[in-house]
């Protein structure tokens, strides 16, 4: 089906006229070309449950591509390789064992994976119970633990009017909500009442999402600057100049902010002073927020690649190339990196070396970022469906269709208490049951939603292009 992916119509990323015309032509040409291709999806049968598609049966052939083992022996389905040794024999000889087509490990690699998992868990543990940045923590798992009784029921608690669209995703910390707007302001709003505490005028639209730590807010701006603001007053403490727009959202950990720019660089900047620690140049613009893994920062770029860079100096640890631009921010969960690409593939990579563990083929591009918890990964595709995949294998568990007037999802989801919250370009905020994808409730704003929800004990907070910040309880 012919479609043109015009993300400018959603004001997702403010694009100069010349750039817009070029990329609009390329995306239209790409859509025409893709209509001539057949995408082979899993052979499945579905049951209709409350308007959702519940997975009832999956054939042996799936959309998940298995990795190959060094042994060179073919699986029974021909899709990968498997060890000819039994687990007991392999363990005795220290030979690699194929773990159900997911990855090949020997004892040394298993120990390394365990260390990676612990390191990732230690990062997210520092941010438990808060929502200090885009997708909650530097690993971007997008999860906050709440009691079921505290979950939002989709009722409007308050709305705060800015003077322009809000594509920025809010951060919530110590009773204050921080968010940017196309009106060039960063706002601080009382979490409980929606009353404005302060506003700080920057140099251009603020599509980047604020990150806060140690009393300092770090946020990017379309004027090519990274700003450090006093969290209590909004006073500008410092600015750091890049050579391109900063629509990507920074992550903060241990006094360093990491952010990408349209100039193609990943920057590491000290949060207290704005001093550059290091920078690394990719091959094209960066519009996605980086994620942190064990002693590394992981960034995606429009040059089709994902990079793992050393936290200390930005040296390249590994690089994995996909088949198209990457708008999705990566998520690090355990010892695996997850992200989607415009090549219509969702990837799971070994965080230690970038090797492919599995990939999932979808009908359209992946433009938004995944989140994950409890052995599941949740991600939206531009076919307007939210997918739930098994984190270890990529097996499809369920999918749910969201309504949208255009074939593009721009709001990344958030997790709490067995519920998945996500905005859509049909102006609705959706709440989905993570067990089966059933839609529990939806709340209508007045215009499309590009902002990703933030969650606290007070409710679900999200911005809209109607210029309002909403808190739903």
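For region 396-428, which residues satisfy the criterion of being in a loop (DSSP other than H, G, I, E, B), farther than 21 Å from residue 140 by Cα and at pLDDT 90 or above?
402, 425, 426, 427
Residue check, residue 236 against (1) surrounded by 19 or more Cβ atoms within 10 Å (Cβ to Cβ); (2) touching a strand residue (DSSP E or B) at 6+ places or on another chain (Cβ under 8 Å); (3) within 22 Å of residue 188 (Cα to Cα), all met but one. Which one?
Condition not satisfied by residue 236: (1).
Looking at residue 432, is it touching a strand residue (DSSP E or B) at 6+ places or on another chain (Cβ under 7 Å), buried (at least 24 other Cβ atoms within 10 Å of the Cβ) and within 18 Å of residue 370 (Cα to Cα)? Outline the logic, then answer.
Numbers: touching a strand residue (DSSP E or B) at 6+ places or on another chain (Cβ under 7 Å): yes; buried (at least 24 other Cβ atoms within 10 Å of the Cβ): yes; within 18 Å of residue 370 (Cα to Cα): yes.
Yes.
Within region 441-458, how many residues turn out to be at pLDDT 95 or above and either within 13 Å of residue 404 (Cα to Cα) or in contact with a helix residue (DSSP H, G or I) (Cβ under 8 Å, 6 or more places away or on another chain) (or both)? I'd like the intermediate steps shown before the answer.
Taking region 441-458 as the starting set, the residues that turn out to be at pLDDT 95 or above are 441-455.
Imposing the further condition that a residue be either within 13 Å of residue 404 (Cα to Cα) or in contact with a helix residue (DSSP H, G or I) (Cβ under 8 Å, 6 or more places away or on another chain) (or both) reduces the set to 444, 447-450.
Residues that pass the stated criteria total 5.
In this structure, is residue 471 part of a strand (DSSP E or B), over 15 Å from residue 181 (Cα atoms) and over 21 Å from the mean Cα position of the chain (by Cα)?
Details: part of a strand (DSSP E or B): yes; over 15 Å from residue 181 (Cα atoms): yes; over 21 Å from the mean Cα position of the chain (by Cα): yes.
Yes: the conditions hold for residue 471.
Among the residues in region 322-332, are any under 23 Å from residue 259 (Cα atoms), touching a helix residue (DSSP H, G or I) at 6+ places or on another chain (Cβ under 7 Å) and not in a loop (DSSP other than H, G, I, E, B)? Can you show your working first?
Going residue by residue through region 322-332, those that are under 23 Å from residue 259 (Cα atoms) are 322, 324-332.
When the remaining residues are screened for being touching a helix residue (DSSP H, G or I) at 6+ places or on another chain (Cβ under 7 Å), the result is 332.
Now narrow it down to the ones that are not in a loop (DSSP other than H, G, I, E, B): 332.
Checked against the condition, which is being under 23 Å from residue 259 (Cα atoms), touching a helix residue (DSSP H, G or I) at 6+ places or on another chain (Cβ under 7 Å) and not in a loop (DSSP other than H, G, I, E, B), region 322-332 yields at least one hit.
Residue 462: in a strand (DSSP E or B) and within 20 Å of residue 187 (Cα to Cα), yes or no? Before you say what the answer is, go through the steps one by one.
On the way: in a strand (DSSP E or B): yes; within 20 Å of residue 187 (Cα to Cα): yes.
Yes; evaluated as a whole, the condition is true for this residue.
Output the number of the condition that residue 167 fails; it satisfies all remaining conditions of (1) over 18 Å from the mean Cα position of the chain (by Cα); (2) touching a residue at least 24 places away in the same chain (Cβ under 8 Å).
(1)
Suppose the filter is farther than 22 Å from residue 327 by Cα and within 20 Å of the chain's Cα centre (by Cα); does residue 415 pass it? Can you show your working first?
Numbers: farther than 22 Å from residue 327 by Cα: no; within 20 Å of the chain's Cα centre (by Cα): yes.
Spelling it out, it is not the case that residue 415 is farther than 22 Å from residue 327 by Cα and within 20 Å of the chain's Cα centre (by Cα).
Do you know which residues across region 321-334 are surrounded by fewer than 23 Cβ atoms within 10 Å (Cβ to Cβ) and within 19 Å of residue 295 (Cβ to Cβ)?
Within region 321-334, just 334 meets the criteria.
Only one of these conditions is not met by residue 399: (1) under 29 Å from residue 117 (Cα atoms); (2) within 17 Å of the chain's Cα centre (by Cα). Which number is it?
(2)
Return the residue satisfying two criteria in turn: it lies in region 198-217 and is more than 18 Å from residue 241 (Cα to Cα) and surrounded by fewer than 17 Cβ atoms within 10 Å (Cβ to Cβ), and of such residues it is farthest from the chain's Cα centre (by Cα).
199
Would you tally the residues in region 401-423 being over 21 Å from residue 130 (Cα atoms) and buried (at least 24 other Cβ atoms within 10 Å of the Cβ)?
Keep residues of region 401-423 that are over 21 Å from residue 130 (Cα atoms), which gives 401-410.
Now drop any that are not buried (at least 24 other Cβ atoms within 10 Å of the Cβ), which leaves 408-410.
Result for region 401-423: 3.
Going through 373, 438 one at a time, which residue ends up being closer than 15 Å to residue 142 by Cβ, out of contact with any helix residue (DSSP H, G or I) (no Cβ under 6 Å at 6 or more places or on another chain) and surrounded by fewer than 20 Cβ atoms within 10 Å (Cβ to Cβ)? Explain how you work it out, then say what you get.
On the way: 438 fails: closer than 15 Å to residue 142 by Cβ.
It is 373.
Taking only region 341-379 into account, find how many residues are over 27 Å from residue 425 (Cα atoms) and part of a loop (DSSP other than H, G, I, E, B).
Qualifying residue count, region 341-379: 7.
The values are calculated or read from the model by the stated rules, or taken from the named source; none is laboratory data. Just so it is clear, the model here is predicted, and its values are computed rather than measured. Glycine gets a Cβ as well: all are built from the backbone with ideal geometry, and neighbour counts include every protein chain shown.
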